[in-house]
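The values are calculated or read from the model by the stated rules, or taken from the named source; none is laboratory data. Keep in mind the model is a prediction, meaning the values are calculated, not measured. So basically every Cβ, Gly included, is an ideal-geometry build from the backbone, and we count neighbours across all protein chains shown. Accessible surface is based on the protein model in full, side chains and every heavy atom, while ligands, DNA and RNA are left aside. Shrake-Rupley method; radii C 1.70, N 1.55, O 1.52, S 1.80 Å.
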Amino acid sequence: MDAQAQVEAVYRHESRRVLATLIRLLGDIDLAEEAMHDAFRAAMEQWPQTGVPDQPRAWLVSAGRFKAIDGLRRRARFDASLAQIADTLYQQAEEGADEELEDDRLRLVFTCCHPALPADAQVALTLREVCDLTTEEIAGAFLATPSAIAQRIVRAKAKIRQARIPYRVPPREELPGRLDAVLHVVYLVFNEGYSASSGDSLTRKDLSGEAIRLGRLLVELLPDPETLGLLALMLLHESRRTARTDAEGNLVLLEKQDRSRWDRALIDEGTSLVQHIWNARRFGPYSLQASIAAVHAGASSARETDWQQIVAIYDVLLRADPSPVVELNRAAAIAMRDGPAEGVALIEPLLQHDALQRYAPAHSAHADLCRRLARYEQARRSYRRALELTSQAAQRRFLEQRLRELDSPVRE
Amino acid sequence: MKYVCLIYDEEKLFDDMPKDQFDAVMGEYFALSDALVESGQMVAAEALQPVNTATVVRVRNGRLSTTDGPYAETKEQLGGFYLIEAKDLDEAIRIAGRIPSARFGSVEVRPVMDCQRPD
């Protein structure tokens with residue numbers, strides 16, 4: 001591999017960790033971003049001559065740090081207050097005391113998810129700073145314009161700086177209150193990686209991998225049932241990744257998936273976490289969803305699945321964290337247990353719900369049950385409605401395929 | 001870093017409070033103020049007279065006008081403030097959480113802008 005390719009590989013794997021450490025060292029997100037880019041630029045110039053250093057990350061952090069100090073000193077001619085900051089940073093760098101055991105990225109996640117920031121800014125900032133999505137990608141994922149996302153990020157960074165939101169993992173006694181936002185954002189990141197909301201590829205494995213890594217760090221930090229639950233849920237979903245699409249990249253529904261392609265190691269890990277949670281007997285929304293995923297993972301086929309148990313867990317989930325989506329999923333499980341007619345009877349009133357009218361999976365689920373009941377005209381209408389609401393290519397192909405099958409019925 | 005904690009609560013709630021409860025809350029306020037002086041985090045604190053004592057002043061086109069009443073008609077009114085010294089927002093939030101009115105009303109925490117006259 002030539003030096004340039006190596007720099008690119010280091011960028012892919014290390015840039016976020018370099019950035020997170022630079023933010024801690026420099027105390028400013030914008031300054032750290034600039035420093036990181038300067039450091040990589042320096043690497044591009046030097047590594048082809050000197051070779052890649054043994055510890056590229058340490059090299060980049062150090063280069064970025066001194067680039068930032070140089071930059072501050074240059075600007076200090078126009079703004080005297082920067083001189084002192086530069087001197088302090090230089091002194092700290094000379095002392096070299098930055099042995100930190102905790103992951104700087106975890107620190108960054110807690111900063112990005114600080115409750116003083118608006119919820120939509122928390123997500124945008126985490127995806128931008130922790131996961132390195134571009135503003136365009138974030139905009140695509142959340143159906144917003146890039147300029148709106150950019151604004152959100154700029155305002156959030158300004159608040160972090162002006163209100164001095166600390167860059168740290170909160171102390172243990174404050175963690176429970178701060179964890180909810182973090183778990184939520186980590187799960188959103190996972191989902192964006194697991195079923196990208198738009199674009200050509202069904203999944204973005206790197207995002208899910210990043211979310212799982214963050215989940216593991218959170219578990220180390222705080223083995224709360226919900227933290228364990230979120231990690232278990234992500235592992236159990238991830239275990240099905242390769243079975244979710246066929247050779248052409250088309251979507252394969254859970255009931256049709258080749259379960260021999262599910263990743264056993266991930267299932268075992270996720271299931272044992274769920275067992276651990278059940279032993280502790282404290283449940284929240286994530287641990288309950290993980291429990292449902294574990295029941296699926298333990299079944300050899302859709303038919304063999306313990307739908308009774310799944311419905312029972314949904315009943316608990318509906319009390320713990322009521323939402324129209326949970327009701328929809330519960331109705332789908334009841335359809336599997338009792339038959340499509342029972343499912344349709346539950347889903348139809350739910351479709352009147354504002355929150356579900358624009359939720360493609362609700363229409364798709366309704367369409368599927370209608371199809372199984374031979375109510376083809378209704379099925380067609382609902383598939384079409386789902387199609388209108390879906391911008392993800394693989395999902396669209398799936399829905400279009402279903403519509404074609406309805407027009408020229410090939411029985412299963 | 002300085003933060004101002006603006007304390008909003010319903011005056012009526014305090015008006016209607018039985019005397020012993022009112023005294024207990026005021027006791028908490030005094031204790032908090034003492035603790036902040038003790039820890040060196042107190043810069044200033046004042047409680048305000050009720051909103052019916054408020055006057056709103058505006059100058060428009062060089063003409064000064066005054067009107068009565070609070071700036072905004074809301075259920076909760078600005079009742080006082082602490083100006084505190086805290087190392088970051090989390091510390092400021094912790095202090096704000098110790099303000100008794102945080103339990104009945106709300107406390108807005110705002111960083112103070114560093115506005116120095118250029119030399």
Between residues in segment B:6-23 that are in contact (Cβ under 8 Å) with a residue 24 or more places away in the chain and open to solvent by less than 70 Å² (accessible area, probe 1.4 Å) and residues that are in a strand (DSSP E or B) and of a type in the set (Ser, Thr, Tyr), which pairs lie under 6 Å by C-beta distance while being six or more apart or on different chains? B:Tyr8/B:Ser106
Out of curiosity, is A:Arg380 surrounded by 17 or more Cβ atoms within 10 Å (Cβ to Cβ) and either assigned to a helix (DSSP H, G or I) or not polar (S, T, N, Q) (or both)? yes
Pairs where the first residue, in segment B:29-55, is open to solvent by 70 Å² or more (accessible area, probe 1.4 Å) and the second is not in a strand (DSSP E or B), C-beta under 9 Å, 6+ apart: B:Ala47/B:Tyr29; B:Leu48/B:Ala54; B:Asn52/B:Glu11; B:Asn52/B:Gly69; B:Asn52/B:Pro70; B:Thr55/B:Gly69
Return the only residue of A:Ala43, A:Ala63, A:Ala20 being buried (at least 19 other Cβ atoms within 10 Å of the Cβ) and under 26 Å from the mean Cα position of the chain (by Cα). A:Ala20
Does segment A:93-111 include one or more residues that are in a helix (DSSP H, G or I), open to solvent by 40 Å² or more (accessible area, probe 1.4 Å), free of Cβ contacts under 8 Å to residues at least 24 places away in the same chain and over 25 Å from A:Glu220 (Cα atoms)? yes
With respect to A:Gly270, determine if the residue is under 19 Å from the mean Cα position of the chain (by Cα), loosely packed, with under 15 Cβ neighbours inside 10 Å and in a helix (DSSP H, G or I). no
Where residues in segment B:31-58 are modelled with pLDDT under 95 and outside any strand (DSSP E or B), which of them is nearest to B:Gln77 (Cα to Cα)? B:Val51
Could you please give the count of residues in segment B:87-119 that are assigned to a loop (DSSP other than H, G, I, E, B) and either at the interface with chain A (Cβ under 8 Å from one of its Cβ atoms) or exposed (fewer than 12 other Cβ atoms within 10 Å of the Cβ) (or both)? 9
Number of positions in segment A:112-143 that are assigned to a helix (DSSP H, G or I), under 21 Å from A:Pro170 (Cα atoms) and touching a residue at least 40 places away in the same chain (Cβ under 8 Å): 8
Sort through A:Val326, A:Val316 and tell me the only one that's among the β-branched types (Val, Ile, Thr) and surrounded by 15 or more Cβ atoms within 10 Å (Cβ to Cβ). A:Val326
Which residues, counting only those in segment A:116-143, are within 14 Å of chain B (Cβ to nearest Cβ) and exposed (fewer than 15 other Cβ atoms within 10 Å of the Cβ)? none
Of the conditions (1) more than 14 Å from chain A (Cβ to nearest Cβ); (2) open to solvent by less than 60 Å² (accessible area, probe 1.4 Å), the single one that B:Val59 does not satisfy is (2)
Hey, can you tell me all the residues within segment A:116-161 that are over 23 Å from A:Gly177 (Cα atoms) and of a type in the set (S, T, N, Q)? A:Thr134, A:Thr135, A:Thr145, A:Ser147, A:Gln151
Can you tell me which of (1) open to solvent by 30 Å² or more (accessible area, probe 1.4 Å); (2) part of a loop (DSSP other than H, G, I, E, B) is the one A:Gln309 doesn't meet? (2)
Of these, A:Glu255, A:Glu248, which one is open to solvent by 10 Å² or more (accessible area, probe 1.4 Å), of a type in the set (D, E, K, R) and in contact (Cβ under 8 Å) with a residue 24 or more places away in the chain? A:Glu255
Quickly run through segment B:63-78 and pick out the residues that are hydroxyl-bearing (Ser, Thr, Tyr), assigned to a loop (DSSP other than H, G, I, E, B) and farther than 14 Å from B:Asp9 by Cβ. B:Tyr71
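One line per residue, one yes/no per condition, for (1) among the polar types (S, T, N, Q); (2) more than 14 Å from every other protein chain (Cβ to nearest Cβ); (3) without any contact (Cβ under 8 Å) to a residue 60 or more places away in the chain:
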position: A:Thr145; (1), (2), (3): yes, yes, yes
position: A:Val154; (1), (2), (3): no, yes, yes
position: A:Ile160; (1), (2), (3): no, no, no
position: A:Ile165; (1), (2), (3): no, no, yes
position: A:Val169; (1), (2), (3): no, no, no
position: A:Leu175; (1), (2), (3): no, no, yes
position: A:Asp180; (1), (2), (3): no, yes, yes
All conditions in (1) without any contact (Cβ under 8 Å) to a residue 12 or more places away in the chain; (2) over 29 Å from A:Arg107 (Cβ atoms) are true of A:Ser272 except (2)
Residues satisfying the stated conditions in segment A:351-365, i.e. open to solvent by 70 Å² or more (accessible area, probe 1.4 Å) and within 24 Å of the chain's Cα centre (by Cα): A:Arg358, A:Tyr359
